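Read the figures in this text as sums done on the coordinates, not as results from a lab. Because the structure is predicted, anything quoted here is derived from the model rather than measured. Here the Cβ is made from the backbone with ideal geometry for all residues, glycine too, and neighbour counts use every protein chain on show.
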Amino acid sequence: MCYRYSVPGPDSLVKRFSALFLEPVPFKRQYHASSFDLPKLPVIINENPKQIQLFTWGLIPFWVKDRKTADEVRLKTMNARAESIFEKPSFHHAAEQKHCLVLADGFFEWQEYQGKNYPYYIRLKNHEPFAMAGLWDIWVDKATSEELRTYSVITTQANPLMEKIHNKKKRMPVILRRENEEDWIGASLNKKSAKILLVPYDEHEMEAFTISRLITSKQRNPNVPEVSQPFTYPELQTKTGQKNLF
């Protein structure tokens, strides 16, 4: 699954994705963004491929009737499984028509070992920003006329690297290859072509390492550079000779 990731600052996003924030936005680099906080984060949607916009994490389908239901649904749609997006009621409309690039430069995941969970930070070896495949929608609260623009991160089966880290559920976000980003938000993309893109990323182009438990601290703000700094757990280094750096 993917419930936490990091996002570079506006300048890096504009340079990497050749798209602009068309209006001044209150966005700064996010060292750690958690879906449970319902953050507004940068995406590029298929209807405006040259514009970077801020959408709220947790997809609310357009057909949801009221705010209470919307608040319940969005907690279950942070992620969308690639294998079922065209069948699940919450996602099939967006899967057919509303694709987006979810902009990031790393994500966080947990490894289970002897009954304990250990946090990892995962990124590309070149440390460049990348795009995760996403779905988006717009929901209007009929009671207040408030418009909510929301998205979900698509996940797929883990590659060998992520199987070792996310060793309970063995999932990972769909990281799109750079040459496939335009295809994912292209107007001509059909269901068959979309499924071809929703595959595990090449593990040889990724790296991962253990980090401290600052990521879940209740006393400190985890949105700081230290959250993604390497941290050693001796018990993992003795685990069948495995080092906690991949």
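For the range 123-187, GluC sites (Glu not before Pro) are listed when DSSP marks them as loop and at most 13 other Cβ atoms sit within 10 Å of their Cβ; the list is Glu146. Each stretch of four or more DSSP H residues adds -39500 (n - 2.57); spread over every residue of the chain, this sum gives -4000 deg cm²/dmol at 222 nm.
Here the mean projected area of the convex hull built on the C-alpha positions of the range 4-241 is 13.9 nm². Taking other C-beta atoms within 10 angstrom as a stand-in for reagent exposure, Leu13, Leu236, Leu198, Leu59 fall in the order Leu236, Leu198, Leu13, Leu59, fewest first. Within the same chain, lysines fewer than 8 places from Lys142 are excluded, and of the rest, those with a Cα less than 19 Å from its Cα are Lys65, Lys68.
A DSSP coil position with no more than 15 other Cβ atoms inside 10 Å describes the following trypsin sites (Lys or Arg not before Pro) in the range 147-246: Lys168, Lys169, Lys170, Arg177, Lys218, Arg220, Lys243.
Across the chain, C-alpha contacts under 8 Å between residues 6 or more apart give a mean separation that, scaled by the residue count, equals a relative contact order of 20 percent. What the phi angles of the range 15-21 give under the Karplus curve with 6.51, -1.76 and 1.60, with θ = phi - 60°, is a coupling list of 5, 6, 9, 6, 9, 10, 7 Hz, glycine and proline written as x. With neighbours defined as other Cβ atoms within 10 Å of a residue's Cβ, the residues Leu103, Leu41 order from fewest to most as Leu41, Leu103. Applying 0.36 nm per residue to the separation of Lys164 and Ala187 and subtracting their alpha-carbon distance, the gain on full extension is 4.6 nm. Using only the Cα atoms of the range 137-246, build the gyration tensor, take square roots of its eigenvalues as a ≥ b ≥ c, and label the shape rounded, prolate or oblate: rounded if a/c is under 1.5, else prolate if a/b is larger than b/c, else oblate. It is oblate, given that a/c is not under 1.5 and a/b is not larger than b/c. Applying the Karplus relation 6.51 cos²θ - 1.76 cosθ + 1.60 with θ = phi - 60° to the range 146-159 yields 3J(HN,Hα) values of 5, 9, 10, 9, 10, 8, 9, 8, 7, 10, 9, 5, 6, 7 Hz, where x marks Gly and Pro.
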